[in-house]
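Taking it in order: structure first as structure tokens, then the write-up.
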Amino acid sequence: MGIIEETIKLENTGRIPVAPVITSKREKFVEVVKSNESVLKKFDGFLLHPAVFDSGWVYTPSKPSLREPMQIIKDIDGYEELSDFGPVEYAMKIHKENDLMVDLEKRLAETPNLVSGFVEETEDWGVANYCGAMGITPIGYISYYRGFNETMRDMAKDQQKIYSTAMIIAKMYPKFLAEFAKSCKVPRVWISFTNATPAIVGDYYFDKIVWPTTKIMLEGMMKEGVVPIIQFEENVKNMKFLTQLPPRSYAVHISRDSDLLRVSEMLSNQATIMGNFKVPADQEEENRIRDLAGRLASGVPKNLIVSTDGGEPFILTSHNVEKLSTLDPFLKKC
């Protein structure tokens with residue numbers, strides 16, 4: 001078991017893992033990673049094979065030429081088809097019918113071999129891979145296919161319909177995500193809370209719809225043998241709802257505007273916290289990195305992984321690898 005796995009289980013390793021999430025353009029990834037082996041091996045993780053992003057098209061009705069998801073569900077009656085097919089088969093159907101990622105099924109069939117082959121080839125480096133699949137909360141999924149404002153109006157109009165649709169996603173989605181991640185030989189799944197935090201949907205709908213269905217989905221993934229990496233793109237002031245999940249079974253990847261040590265303390269006996277630096281860094285961010293490295297020198301929280309911002313991996317090229325040296329203060333201190 002590597003230090004990343006030990007930290008997620010809240011075992012006291014004596015130091016804080018330094019693990020920026022590193023990816024690259026699909027056609028260059030393997031070449032660029034291998035040519036920078038000596039630099040990357042300084043870190044505990046994370047390598048993110050770009051083929052893993054294919055799993056994200058399941059919850060995103062779009063394609064590279066489109067800047068936003070396409071609104072597929074046109075009215076409140078449109079949820080019936082999603083409920084009938086389930087989230088994965090529905091996604092396949094929609095992508096084909098709307099000329100989006102028409103080869104999505106083929107991509108999903110090919111990705112596990114691509115990713116698992118890379119994982120096997122680099123496993124002796126001691127650098128962990130980030131995740132083997134990407135997913136989203138049930139309400140996040142609905143909002144991508146319906147539109148966020150429309151989803152909120154539908155909740156007000158027919159709360160039970162939205163809850164029932166979200167619960168179908170919650171119960172059917174985990175098996176696909178878990179099997180996909182395990183077949184990639186990286187049994188962790190990144191789960192986005194986009195359009196699904198209390199600040200975005202309001203406390204009432206979060207408590208009544210968002211969290212109950214998300215909790216079912218996350219627990220379903222855990223039962224399938226994978227670790228969810230719960231990702232927030234904004235500062236969530238109170239994450240106490242996460243303590244309803246089984247401890248030592250998930251990680252939380254926070255945004256850049258979140259207080260890393262405060263969140264770490266809030267979930268100290270519950271989950272590992274990953275975050276939350278921008279690399280490459282400007283002067284302000286470099287000062288922030290040095291400040292935190294100095295603060296950590298006097299004590300090592302056992303539930304912390306120093307990483308990049310949860311929504312912004314470092315895009316590795318043949319010309320910017322030296323930018324990772326921004327995180328060197330942690331390598332020296334932790």
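The values are calculated or read from the model by the stated rules, or taken from the named source; none is laboratory data. Keep in mind that what you see is a predicted model, and the values were worked out from it rather than measured. Note that each Cβ is placed from the backbone with ideal geometry, even for glycine, and that neighbours are counted across all protein chains shown. What goes into the accessible areas is simple: the full protein's heavy atoms, side chains included, and nothing from ligands, DNA or RNA. Shrake-Rupley method; radii C 1.70, N 1.55, O 1.52, S 1.80 Å.
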Exercise for review: Could you list, in sequence order, all residues of segment 195-240 that are small (Gly, Ala, Ser) and touching a residue at least 12 places away in the same chain (Cβ under 8 Å)?
Suggested key: Ala196, Ala199, Gly220, Gly225
Review point. Does Ile289 qualify as being out of contact with any Cys (no Cβ under 8 Å at 6 or more places or on another chain), part of a strand (DSSP E or B) and surrounded by 18 or more Cβ atoms within 10 Å (Cβ to Cβ)?
Key: no
Revision key, fill the gap. A careful count of residues in segment 130-156 that are among the basic types (Lys, Arg) and crowded, with 22+ Cβ neighbours inside 10 Å gives 1
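Among the residues in segment 276-285, are any over 24 Å from the mean Cα position of the chain (by Cα), part of a helix (DSSP H, G or I), on the phi < 0 side of the Ramachandran plot and without any contact (Cβ under 8 Å) to a residue 12 or more places away in the chain? Quick ask: steps written out before the conclusion?
Narrowing segment 276-285 to residues over 24 Å from the mean Cα position of the chain (by Cα): 282-284.
Now drop any that are not part of a helix (DSSP H, G or I), which leaves 283-284.
Add one more test, that the residue is on the phi < 0 side of the Ramachandran plot, and what stays is 283-284.
Keeping just the survivors that are without any contact (Cβ under 8 Å) to a residue 12 or more places away in the chain gives 283-284.
Yes: one or more hits.
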Revision key, fill the gap. For segment 64-74, the count of residues that are at pLDDT 95 or above and not aliphatic (A, V, I, L, M) equals 3
Check your understanding: Of everything in segment 200-255 that's of a type in the set (Val, Ile, Thr) and open to solvent by 60 Å² or more (accessible area, probe 1.4 Å), which residue is farthest from Tyr130 (Cα to Cα)?
Key -> Ile200
Exercise for review: Please specify each residue of segment 292-324 satisfying the condition of being in a loop (DSSP other than H, G, I, E, B), of a type in the set (Ser, Thr, Tyr) and closer than 27 Å to Val33 by Cα.
Suggested key: Thr317, Ser318
Revision key, fill the gap. Note on segment 294-311: residues surrounded by fewer than 20 Cβ atoms within 10 Å (Cβ to Cβ) and either over 17 Å from Asp259 (Cα atoms) or in contact with a Leu (Cβ under 9 Å, 6 or more places away or on another chain) (or both) are Arg295, Ala297, Ser298, Pro301, Lys302
Check your understanding: In segment 157-175, is there at least one residue being surrounded by fewer than 23 Cβ atoms within 10 Å (Cβ to Cβ), in contact (Cβ under 8 Å) with a residue 40 or more places away in the chain and not in a helix (DSSP H, G or I)?
Key -> yes
